[in-house]
Amino acid sequence: MYCLIAAESAIFTIVVVAYLFYIGKSLTGPKPADVLHAPIFYTVCLLSSSLTIHVAVRSLFAGKMAAFGLWWVLTIVLGGVFLFGTGREWAHLIQDEGLTISTNLFGTTYYSLVGLHAFHVTVGLLALTAVAVFCFTSQLERQHAERVEVLSMYWHFVDAVWVIVFTVVYLIGI
């Protein structure tokens with residue numbers, strides 16, 4: 001997992017640098033300040049999911065399967081709410097603001113960066129859902145806690161990357 005996170009960090013670094021390099025270089029609008037609004041609620045949901053997954057893993061280590069299932073599902077719900085928010089933002093930007101990936105450099109780099117993150121959230125949610133299925137079909141046991149903890153590392157990585165993406169796109173880039 002450490003190697004995967006290192007490789008993914010390199011990819012995100014490249015896309016973040018590209019976003020920062022191209023910000024403000026679009027010859028036509030819209031510009032970030034014209035169309036972007038910081039998704040505070042959805043960000044709180046995603047960042048809260050780091051806490052819920054941590055509590056879930058600790059519950060599994062303690063052999064508290066019901067608590068694990070509850071916290072794990074809450075993590076999935078919070079991640080799903082975040083992904084829904086990303087989709088909602090994109091729908092608004094495309095339909096109401098006319099910003100697509102081919103509109104200008106801002107559109108290209110914005111959708112590339114936020115889309116890369118959304119892809120990682122989606123992969124994480126699929127993996128978390130698979131573990132939930134194992135849990136609710138009684139195929140997950142305390143002895144699997146270390147493996148589940150490795151998956152939680154990926155989820156924490158996705159959350160940490162969002163802090164960077166949020167800062168670059170919604171704070172610095174505007």
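The values are calculated or read from the model by the stated rules, or taken from the named source; none is laboratory data. Bear in mind that the values here come from a model prediction, so they are computed numbers and not experimental data. Glycine gets a Cβ as well: all are built from the backbone with ideal geometry, and neighbour counts include every protein chain shown. Surface areas here come from the heavy atoms of the whole protein model, side chains and all, with no ligands, DNA or RNA. Shrake-Rupley method; radii C 1.70, N 1.55, O 1.52, S 1.80 Å.
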Give G80, G63 a once-over and let me know the one that is closer than 29 Å to V16 by Cβ and of a type outside the set (S, T, Y).
G80
Given the conditions (1) more than 30 Å from G24 (Cα to Cα); (2) surrounded by fewer than 20 Cβ atoms within 10 Å (Cβ to Cβ), which single one is not true for H120?
(1)
With the checklist (1) surrounded by fewer than 17 Cβ atoms within 10 Å (Cβ to Cβ); (2) among the β-branched types (V, I, T); (3) within 22 Å of the chain's Cα centre (by Cα) in hand, flag the one item T52 doesn't pass.
(1)
Among the residues listed as L27, L20, L60, the single one being buried (at least 19 other Cβ atoms within 10 Å of the Cβ) and touching a residue at least 12 places away in the same chain (Cβ under 8 Å)
L60
Give the residue, chosen from V148, V158, that is open to solvent by less than 50 Å² (accessible area, probe 1.4 Å), at pLDDT 95 or above, over 20 Å from C45 (Cα atoms) and part of a helix (DSSP H, G or I).
V148
Inspect segment 124-140 for any residue being modelled with pLDDT of 95 or more, buried (at least 19 other Cβ atoms within 10 Å of the Cβ) and touching an Asp or Glu at 6+ places or on another chain (Cβ under 9 Å) and give the result as yes or no.
no
Can E8 be described as acidic (D, E) and either within 22 Å of the chain's Cα centre (by Cα) or within 28 Å of A127 (Cα to Cα) (or both)?
yes
Some residue of segment 90-100 being under 15 Å from the mean Cα position of the chain (by Cα), without any contact (Cβ under 8 Å) to a residue 60 or more places away in the chain and surrounded by 14 or more Cβ atoms within 10 Å (Cβ to Cβ):
yes
Restricted to segment 101-117 and to residues being open to solvent by 10 Å² or more (accessible area, probe 1.4 Å) and not β-branched (V, I, T), the residue farthest from A18 (Cα to Cα) is S102
If I ask for residues that are crowded, with 19+ Cβ neighbours inside 10 Å and closer than 17 Å to V133 by Cα, which ones from segment 77-89 would you list?
G79
